[in-house]
Amino acid sequence: MRRRGESRGPWIVCVHIPRFELRVATGGSRELLGRAVAIAPSGTGVLPIGEVSASAQAQGVRAGMALGEALGHCRELELIPGDPVKVERAWNGVVRSLEGIGALSELARPGLAYFVGSGLEGIHGGRDGVIAAAGKALRRPPRIGAGPTRFASLAAALEARSRRAKVVGDREARRYLAAQPVSVLRYRPETEPLVPALERLGVRTLGGLVELGASAVADRFGEPGRVARQLALGHDTPLRVCRVEDRVEESMELADANSGLLLQRTLGVLVDRLLARPERRGRTFRALILSACLVERGTWREHVVLREAIANRQRILDALTAPLGLLPAPAVTLGLAVEQFGPAIADQTTLLDGERAARDRRRREAVSQVHALAGPHALFRVLVVEPDSPAPEHRTITTPWAR
């Protein structure tokens, strides 16, 4: 017998840990109490700040705000450097804890994950058991929401308390979403830019967005507006789950002098170590993560997606040279990790090898044609002229010809 409002079809669980990156960077949520703290922008130019504490948010500072604007709202705002390497390791630990209860998650960003809870009811004894297992699997009590779609479960998780989950049923999902503020759209990258424009137009709730009409929203906001209206009506795309694999990574401490030549040599050693790791099992590299622990407090990391899956040492170094130049400060430790493997290729050829093979194939075809005209016992000389070569190349071929 189902309770009133309980989901009849598949339902999604949203696990939300507020200010996850800020908590990791400051060493725990206790240090955030009573302090206006924000993660400092990284890089150069006009860049937005990262996650902010509750005290800073109460004074009008929000994540994604320009630094000058944030300081205008809160003069006492304290900026701390981010720690993306530590954040990633902590988040991978959270995801593995969820996998321990049987949940394959879609990872939206550090601190926010979704998984299908309806498939785990038989293991944990119903919907309440699944939600309780997800809360017990994590060391810090998360905010947990459940609903028929990813977006509905997100809105529920934002309203939930740390030790009491919020559940939205199928029948009440559309009415529930209509009453939610448009700020919920900030948690979806495709609809995040719409929020300031909607607030300037006086649209405060998702229900107000729906009332504008499909044609008006599409004409004013384009594809992001259409997606936002579909989310407000209770429609969403299926989850894209992924499994966290054991990270294959290498790191090396640097000397005091972080010159370009030293960094290049250290990077070459790290590439050699990764290629020699037995966990690679002959596979190629498709995406890498270049990271560093800086002399100043904080860490730095850069995703490097290769144009194709490769295992050639020199080509990997060429792809990593430009990202290495983005290092914002002298580093104490340099690290390199494999984010995604490619297929195993026994003998990978370079671009020059492919051109050489094409020239050899053209030569063989030319010699075969001459051989067919001259006969099997002829002795002849072949002059091969390459169209891209300034001088012809001579080769002497004697018969009998071996195909």
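The values are calculated or read from the model by the stated rules, or taken from the named source; none is laboratory data. Here the structure is a predicted model, which is why all the values come from computation and not from measurement. Cβ atoms come from the backbone with ideal geometry, glycine included; neighbour counts cover every protein chain shown. With ligands, DNA and RNA removed, areas are computed over all heavy atoms of the protein, side chains included. Shrake-Rupley method; radii C 1.70, N 1.55, O 1.52, S 1.80 Å.
Summing Cβ point charges (Lys, Arg +1; Asp, Glu -1) relative to the Cα centre of the stretch 43-86 gives a dipole of roughly 60 debye. Surface listing: W11, W300 arranged by accessible area from highest to lowest gives W300, W11, probe 1.4 Å.
Percent relative contact order of the stretch 248-348, based on C-alpha pairs within less than 8 angstrom and at least six residues apart?
42
Between A218 and R281, the FRET efficiency from the beta-carbon distance, with R0 = 41 Å, is close to 0.25. Across the protein chains, with a 1.4 Å probe defining accessible surface, the residues H16, H73 rank H73, H16 from largest area downward.
Shown is the FRET efficiency for N92 and R273, computed with R0 = 25 Å from the Cβ-Cβ distance and rounded to the nearest 0.05: 0.75.
Charged side chains reduced to their Cβ positions (Lys and Arg at +1, Asp and Glu at -1) give the stretch 248-348 a dipole of some 260 debye around its Cα centre. Put a dot 7 Å past the Cα of I345, heading toward its Cβ, do the same for E159, and the two dots end up 5.2 nm apart.
Counting heavy atoms of the protein chains alone, I345 has an accessible area of about 70 Å² for a 1.4 Å probe. Ordering E253, E339, E296 by accessible surface, largest first, gives E253, E296, E339; the 1.4 Å probe counts only protein heavy atoms, with every chain in place. Distance between the modelled labels on L79 and L317, one decimal in nanometres: 3.7 nm (7 Å Cα→Cβ projection). Distance between the pseudo-spin-label points of R363 and Q264 (7 Å out from Cα toward the beta carbon): 3.3 nm. Each Lys and Arg contributes +1 and each Asp and Glu -1, all at the Cβ; summed about the Cα centre of the stretch 283-341, the dipole is approximately 160 debye. On the basis of the beta-carbon distance and an R0 of 45 Å, V332 and L239 show a calculated FRET efficiency of 0.70.
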